[in-house]
1. Kindly indicate the residue of the range A:214-253 that is in contact with a strand residue (DSSP E or B) (Cβ under 8 Å, 6 or more places away or on another chain) and assigned to a helix (DSSP H, G or I) and also farthest from A:ILE54 (Cα to Cα) among those meeting that condition.
2. Being among the small types (Gly, Ala, Ser) and within 7 Å of chain A (Cβ to nearest Cβ) is the filter; apply it to the range B:307-333 and report the residue that is nearest to the chain's Cα centre (by Cα).
3. Name the residues in the range B:286-306 that are more than 13 Å from chain A (Cβ to nearest Cβ) and crowded, with 22+ Cβ neighbours inside 10 Å, would you?
4. Identify, by number, the condition in (1) at pLDDT 95 or above; (2) within 16 Å of ligand 2 (Cβ to nearest atom); (3) open to solvent by 50 Å² or more (accessible area, probe 1.4 Å); (4) of a type outside the set (Gly, Ala, Ser) that A:LEU17 doesn't meet.
5. Within the range B:415-429, count every residue that is surrounded by 12 or more Cβ atoms within 10 Å (Cβ to Cβ) and hydroxyl-bearing (Ser, Thr, Tyr).
6. Please go through the range A:28-55 and give me each residue that is in a loop (DSSP other than H, G, I, E, B) and either within 25 Å of A:SER77 (Cβ to Cβ) or within 14 Å of ligand 1 (Cβ to nearest atom) (or both), ordered by number.
7. Tell me the residue from B:ALA335, B:ALA370 that is assigned to a helix (DSSP H, G or I) and open to solvent by less than 20 Å² (accessible area, probe 1.4 Å), please.
8. Going by what's in this entry, would A:ASP206 be described as within 16 Å of ligand 2 (Cβ to nearest atom), acidic (Asp, Glu) and open to solvent by 70 Å² or more (accessible area, probe 1.4 Å)?
Amino acid sequence: MTGHSGTPLVEMQDICLSFGGVQAVDHVSIDLHPGEVVGLLGHNGAGKSTLIKILSGAYRMDSGEIRINGKRAEITSPRDARRHNIETIYQTLALADNLNASQNLFLGRELTTSVGFMDDARMESETRKIMQRLNPNFRKLNDPVSALSGGQRQSVAIARAVYFNAQILIMDEPTAALGVHETQMVADLIQELKKQGLGIFLISHDTREMLELCDRVSVMKNGQLVGTERVEDVTEDDILSMIILGKAPERAA
Amino acid sequence: MSDISEGAARPRRSFVNQLELDLRLVGMIGAFVLICVVFNVMSDGRFLTPRNVFNLSIQTVSVAIMATGMVFVIVTRHIDLSVGSLLATCSAIMAMSQTAWLPSIFGFNLDDPMNALLAVMIGVACGALIGAFHGWLVGYLGIPAFIVTLGGLLVWRNVAWYLTTGQTIGPLSEPYLLFGGVNGTLGETWSWIVGLVAVAFSVWVLMQARRNKTAHDMPVKPIWAEAVVAAIIAVAILGFIWILNSYDIPSGRLERIFAARGETLPEGFSTGYGLPVSVLLLIGVAIVMTVVARRTRLGRYIFATGGNPDAAELSGINTRLLTVKVFAIMGALCAISAVVASARLANHGNDIGTLDELRVIAAAVIGGTALAGGIGTIYGAILGALIMQSLQSGMAMVGVDAPLQNIVVGSVLVLAVFIDIIYRKRTGA
Ligand SMILES: Nc1ncnc2c1ncn2[C@@H]1O[C@H](COP(=O)(O)OP(=O)(O)O)[C@@H](O)[C@H]1O
Ligand SMILES: [Mg+2]
């Protein structure tokens, strides 16, 4: 494990959010260091997506505190999150089906000409460049993304995060819709981004995959944090029992 | 519509493919041409006379202008049922401004150009404001657009009534009437000039698009195909101008025009109406709206929000404010349409714009705007308006009973959407 003596990139402390009567996130604290991958595990409905959507500005927390690089951050909208170089790849792909790859990639941050019109040509060539790096087989730059396969759509979503120099990357089940080959592509990409010093929150149901990709894993159940463990300290069975029983593994001090 | 295009396109598919024409556009033009030909045969050639083409153009303008705004509204997954009533309120405001309010405040003469100009500015501002208010109710208060504008349909129709106490207001200012049709045309020379400028502009747009593609190593169609498209456009534009120029101003009217200038009509003199100012206005609106749709952030966000509102929101787009803007544009366009509609009638009457909401929505939908949101074009909506109007006028010309006319128009609307659904399924768009 990499040494984490410096200030964490992200600290989320004592975060709470309820939807009506449902306490979706209940006093959860997690943190993330540069060059680290932290996995979030838990059953469906455990509150993982809700927790990271608070960080990405999609939801507003009821109480708690977020610190970025040690400084308190007010994140009340996706715009705020982007300002803190937080990029998110959502579980349900946040792409507009009727737009093409480059229009989606630059959505909300379009490149413009000197008079303020859309510079589609430049956006397209930038898209071509980044796609060359991420997914060289990607050709359908001019088709609406509704015409793309799950993997191709996912590479558009990932390209969007990578292009804008994210420091903090949130990936909510990025491989759920992908085949074996494409899943491997995402795994390689995570390793590469990690080397570049990004901090990554990763959500997945595949415990084995998580143990391979992550430095630490946090387990949630019913909105609460069960515990956070370094992957070298636990077995797959330990993790599964945390998920199912909601109890941290007992171990000799 | 598209079945016509497919039937026609199949034997020479490769040719059409090389031209890279939009099949939907070809289908609509095909439907329009078919309507024209059928009615022309049935009316013994009266449908395609210069006079009827002229009338058809000026009758289409008001609905077509609003239809371009309706595209934005429907693309963002909303609807506006209030446009006919809003048109009436804007028309009432402008009629009262120029005949009563402005003359009494500023002492303007009715026919003072400043009077007409100020009245139009007030009308457009009111239209935009009312539209923005609708948008605020929809976007910020979360009331469905269907309800807000259904309410608006009743409210604005009757606000118009109160503004005029139910009276017909007229005559309207001379400069204002320029936007109505026969009272405002460019004449032959200027019409040719506008036509040539339009051709030059179209060729420039085509060349620009091609240059842009080659600059980024994108495939382009062969140059001959480019030339064929340019030639088709040029013939269409200049043919249209030629037809409008061959509609001669009646001699009685010419005499009055010359008399007004203190001259007498020379023996044997005749001249055509040429391009109506209202059509020029529509072309201007179409260009601006197309540029907004394709080249600006606003347009990009409108289509993104229609395609996936959540994605738009998560990309940092303020979709509520966007809703306000979209309805404000719709309102401003209702006011512009109100200028054309009331100037054409030369007065403001209570029933102005009645049922226009249905014509406008039908035009947008026939023009390929998807009610599910995210898809639609400005030129499509204008073509849709033209198709609707030619159906209506054509049936009136060949003596179809008024009730049957409406039955046909209603059925065509449903059929057009059905064909469109099949077309979309086939092409997977
Ligand atoms: N927008 C919402 N409105 C109401 N309840 C929600 C909403 N989003 C999530 N929830 C509820 O919050 C809980 C946590 O959901 P979620 O964060 O999606 O879980 P996970 O991603 O771990 O599967 C669930 O009970 C879910 O039903
Ligand atoms: Mg989830």
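The values are calculated or read from the model by the stated rules, or taken from the named source; none is laboratory data. All values reported here derive from a predicted model rather than from experimental measurement. Please note: Cβ atoms are built from the backbone with ideal geometry, for glycine as well, and neighbour counts cover all protein chains shown. Surface accessibility is based on the protein's heavy atoms, side chains included, excluding ligands, DNA and RNA. Shrake-Rupley method; radii C 1.70, N 1.55, O 1.52, S 1.80 Å.
1. Filtering the range A:214-253 down to residues in contact with a strand residue (DSSP E or B) (Cβ under 8 Å, 6 or more places away or on another chain) leaves A:214-220, A:222-231, A:234, A:238-239, A:242-243, A:246-249.
In the following step, the residues that additionally are assigned to a helix (DSSP H, G or I) were identified as A:231, A:238-239, A:242-243.
Numbers: A:VAL231: 25, A:ASP238: 28, A:ILE239: 25, A:MET242: 24, A:ILE243: 22 Å.
Step by step, filter the range A:214-253, then rank; the result is A:ASP238.
2. Taking the range B:307-333 as the starting set, the residues that turn out to be among the small types (Gly, Ala, Ser) are B:307, B:311-312, B:315-316, B:328, B:331-332.
Subset that is within 7 Å of chain A (Cβ to nearest Cβ): B:307, B:311-312, B:315-316.
Values: B:GLY307: 24, B:ALA311: 31, B:ALA312: 29, B:SER315: 32, B:GLY316: 32 Å.
Result: B:GLY307.
3. The answer is B:MET289, and nothing else.
4. (3)
5. 1
6. Start the filter on the range A:28-55 by keeping residues that are in a loop (DSSP other than H, G, I, E, B), which leaves A:33-36, A:42-47.
A:PRO34, A:GLY42, A:HIS43, A:ASN44, A:GLY45, A:ALA46, A:GLY47 - these are the residues of the range A:28-55 that are in a loop (DSSP other than H, G, I, E, B) and either within 25 Å of A:SER77 (Cβ to Cβ) or within 14 Å of ligand 1 (Cβ to nearest atom) (or both).
7. On the way: B:ALA370 fails: assigned to a helix (DSSP H, G or I).
One residue alone meets the criteria, B:ALA335.
8. Values: within 16 Å of ligand 2 (Cβ to nearest atom): yes; acidic (Asp, Glu): yes; open to solvent by 70 Å² or more (accessible area, probe 1.4 Å): yes.
Criteria met by A:ASP206.
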